[in-house]
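Colleague: The structure's right below; bear with me while I get my questions together.
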Amino acid sequence: MAQDRKVCVAVDAMGGDYAPEEIVKGAVLAGQKGDVEIVLVGQVDAMEEELARHDSSGLPIRLAEATEVIREGEPPASAVRRKPNSSIVVATKLVKSGEADAIISAGPSGAVAVSAVQHLGMIEGMERPAIGGGFGSFAPGILLMDLGANVDCKPYQLVAFAVAGSVYARKLLGVPNPTVGLLSTGAEEGKGNELVREGYHLLEDSGVNFIGNIEGSDILTGKANVIVLDGFVGNVLLKFYESIGDYALGWMRHKLKRYPLLGWIAKLVFDKTLPIAKLSYEGEEEGSGILWGVNGIVRVAHGACRASHIAHGIAGAKKAVVADIIGALKPELERFKKEGKL
Amino acid sequence: MSVEEQIRDIVSRIAHVDKSIITRESTFKDMKADSLDVVQALVAVEEAFDIEIPDEEAQKFQNFGDFVSYVESRAAKKDEA
């Protein structure tokens, strides 16, 4: 990061179900805080039109032109290579060139990952990127890795996730000696599928602060700070978890229909004081996660994310830059690789 | 080590397949390699041979043999220069 300027985040303005409206709005929200520079990357006419809807004068937001857009459903590798002027690729290259310190995109996550691998490269010791993230303010101090980048994992990848997750917990969650748990179907050593059973032994011998298997019921308790799991389970778990708030609110509304007074009180409480619909995704982890393993800070946001998610994601990207997570991860992975653990 | 053997090493390492099953007719799909594997293989080969593989060329590769032939021709031109 350049020392003489604020952290600069490249924002893919064209990626996501509600792009560019919600993305530009999110950038404006983040820009209003004034502690981060933002480069909106995309089709200039569309971005200018959206910016004109907001009071953005004087905000630290500039535009970078990218004429193409990678859409959901396009094969990631060929889309990235076929569309060098896409917002995802142009934004990634801004990080590569040092013009920006981080990127956030709600575009197709496969394309974001491919672009990051192609243009930023991988950090030695981590073969494939992994998405790490937590469960927001509802369960602070825990994070899960991988949340969906690797549907099929090899046992040794779980060790890389544990190493990266430990760096994440130390640098971003402020946990000095994070514990690592392996998500399984039981706490005993022999529980779980082949991946988990093999991963258990590798983690046990790896030198990370491994506390053994943890079960689904342990996730939110903070029994382990870093929860290692394959991307298939991680993604299913994340989406299920994120659906709980809205579902619980709907369920309560339905149950309280017959009691108008109670319903009114509940609405007051749960809309304002305890926004239960947001319980499962609040704070800087809301709506996006860091793509770990690539040689640059990349935040992958949900396709359906809204302005507040983007604003939080930008804040989270800034925090990751300031914490120098890449600088912290490189020597850790190098050490584990040297010791033959990766 | 020949260009083909070097590329086979790289692809085998990235796609986690045994070198012996990679023939010139093999496709990335045959090797169950996904998008990231393909990109990582291209980047690794570019670095190993200090060449840049333009996107339009990479898209033409139908199989491992096409990939190898392209890199061989680029490597030969580089040696001549």
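The values are calculated or read from the model by the stated rules, or taken from the named source; none is laboratory data. All values derive from a computational prediction rather than experimental measurement. When we count neighbours, we look across all protein chains shown, and the Cβ atoms used for this are built from the backbone with ideal geometry, even at glycine.
Colleague: Return only the number of the condition from (1) without any contact (Cβ under 8 Å) to a residue 60 or more places away in the chain; (2) small (Gly, Ala, Ser); (3) touching a strand residue (DSSP E or B) at 6+ places or on another chain (Cβ under 8 Å); (4) closer than 20 Å to A:LEU238 by Cα that A:GLY110 does not satisfy.
Modeller: (3)
Colleague: For segment A:35-49, which positions are in a helix (DSSP H, G or I) and surrounded by 22 or more Cβ atoms within 10 Å (Cβ to Cβ)?
Modeller: A:MET47
Colleague: Additional query: Taking the residues in segment B:47-72 that are assigned to a helix (DSSP H, G or I), of a type in the set (Asp, Glu) and away from chain A (no Cβ under 14 Å) as candidates, determine which candidate is nearest to A:ALA113 (Cα to Cα).
Modeller: B:ASP66
Colleague: Continuing with this model, one more query. From the list B:ALA44, B:ALA75, B:ALA33, which one is within 13 Å of another protein chain (Cβ to nearest Cβ), part of a helix (DSSP H, G or I) and out of contact with any Leu (no Cβ under 7 Å at 6 or more places or on another chain)? Full working, then the answer.
Modeller: Working: B:ALA75 fails: within 13 Å of another protein chain (Cβ to nearest Cβ); B:ALA33 fails: part of a helix (DSSP H, G or I).
Among B:ALA44, B:ALA75, B:ALA33, only B:ALA44 is within 13 Å of another protein chain (Cβ to nearest Cβ), part of a helix (DSSP H, G or I) and out of contact with any Leu (no Cβ under 7 Å at 6 or more places or on another chain).
So that you can scan it fast, the table gives a plain yes or no per residue for (1) modelled with pLDDT under 95; (2) under 15 Å from A:PHE161 (Cβ atoms); (3) among the acidic types (Asp, Glu); (4) not in a helix (DSSP H, G or I):
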{"residue": "A:GLY199", "(1), (2), (3), (4)": "no, yes, no, no"}
{"residue": "A:LEU203", "(1), (2), (3), (4)": "no, yes, no, no"}
{"residue": "A:GLY212", "(1), (2), (3), (4)": "no, no, no, yes"}
{"residue": "A:VAL236", "(1), (2), (3), (4)": "yes, no, no, no"}
{"residue": "A:GLY245", "(1), (2), (3), (4)": "yes, no, no, no"}
{"residue": "A:ALA248", "(1), (2), (3), (4)": "yes, no, no, no"}
{"residue": "A:MET252", "(1), (2), (3), (4)": "yes, no, no, no"}
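Colleague: Filter segment A:219-234 down to residues that are assigned to a helix (DSSP H, G or I) and crowded, with 17+ Cβ neighbours inside 10 Å, then give me how many there are.
Modeller: Counting residues in segment A:219-234 that are assigned to a helix (DSSP H, G or I) and crowded, with 17+ Cβ neighbours inside 10 Å gives 4.
Colleague: Separate question: Against the condition within 14 Å of another protein chain (Cβ to nearest Cβ) and in contact with a strand residue (DSSP E or B) (Cβ under 6 Å, 6 or more places away or on another chain), how does A:GLU68 come out, does it pass?
Modeller: yes
Colleague: Further, regarding this structure: Considering segment A:291-305 alone, what residues qualify as being surrounded by fewer than 24 Cβ atoms within 10 Å (Cβ to Cβ) and basic (Lys, Arg)?
Modeller: Across segment A:291-305, there are no qualifying residues.
Colleague: A further question follows. Looking at (1) assigned to a helix (DSSP H, G or I); (2) within 20 Å of A:SER97 (Cβ to Cβ), which is the one condition that is false for A:ARG5?
Modeller: (1)
Colleague: May I pose another question? Show the residue pairs meeting these rules: Cβ distance below 7 Å; 6+ apart or different chains; first residue within segment A:324-341 and in contact (Cβ under 8 Å) with a residue 24 or more places away in the chain; second residue among the charged types (D, E, K, R) and outside any loop (DSSP other than H, G, I, E, B).
Modeller: These pairs meet every condition: A:ILE325/A:LYS171; A:ALA328/A:LYS171.
Colleague: On the given criteria, is A:VAL80 touching a residue at least 24 places away in the same chain (Cβ under 8 Å), under 21 Å from the mean Cα position of the chain (by Cα) and away from chain B (no Cβ under 13 Å)?
Modeller: Spelling it out, it is not the case that A:VAL80 is touching a residue at least 24 places away in the same chain (Cβ under 8 Å), under 21 Å from the mean Cα position of the chain (by Cα) and away from chain B (no Cβ under 13 Å).
Colleague: Quick one: A:GLU74 ticks every box in (1) in contact with a strand residue (DSSP E or B) (Cβ under 9 Å, 6 or more places away or on another chain); (2) within 14 Å of chain B (Cβ to nearest Cβ) except a single one, so which number is it?
Modeller: Only one criterion in (1) in contact with a strand residue (DSSP E or B) (Cβ under 9 Å, 6 or more places away or on another chain); (2) within 14 Å of chain B (Cβ to nearest Cβ) is unmet by A:GLU74, namely (1).
Colleague: Checking A:GLY15 against (1) surrounded by fewer than 20 Cβ atoms within 10 Å (Cβ to Cβ); (2) in contact with a Gly (Cβ under 7 Å, 6 or more places away or on another chain), which test does it fail?
Modeller: Going through (1) surrounded by fewer than 20 Cβ atoms within 10 Å (Cβ to Cβ); (2) in contact with a Gly (Cβ under 7 Å, 6 or more places away or on another chain) one by one, A:GLY15 breaks only (1).
Colleague: Quick check on this structure: which one of A:VAL89, A:VAL41 is under 20 Å from A:ALA315 (Cβ atoms) and without any contact (Cβ under 8 Å) to a residue 60 or more places away in the chain?
Modeller: A:VAL41
Colleague: Moving to a separate point now. Any residue in segment A:183-204 that is without any contact (Cβ under 8 Å) to a residue 12 or more places away in the chain sitting within a Cβ distance under 9 Å of a residue that is buried (at least 18 other Cβ atoms within 10 Å of the Cβ) and not small (Gly, Ala, Ser)? List the pairs, counting only those 6 or more apart or interchain.
Modeller: A:GLY190/A:TYR200; A:GLU204/A:PHE210
Colleague: Here is a list: A:VAL196, A:VAL163. Which entry is under 21 Å from A:VAL321 (Cα atoms) and aliphatic (A, V, I, L, M)?
Modeller: A:VAL163
Colleague: For segment B:7-23, name all the residues that are in a helix (DSSP H, G or I), crowded, with 17+ Cβ neighbours inside 10 Å and more than 14 Å from chain A (Cβ to nearest Cβ).
Modeller: Answer for segment B:7-23, where residues must be in a helix (DSSP H, G or I), crowded, with 17+ Cβ neighbours inside 10 Å and more than 14 Å from chain A (Cβ to nearest Cβ): B:ILE7, B:ARG8.
Colleague: Follow-up question, since we're still on this one. Are any of the residues in segment B:24-38 without any contact (Cβ under 8 Å) to a residue 24 or more places away in the chain and of a type in the set (Lys, Arg)?
Modeller: Within segment B:24-38, one or more residues are without any contact (Cβ under 8 Å) to a residue 24 or more places away in the chain and of a type in the set (Lys, Arg).
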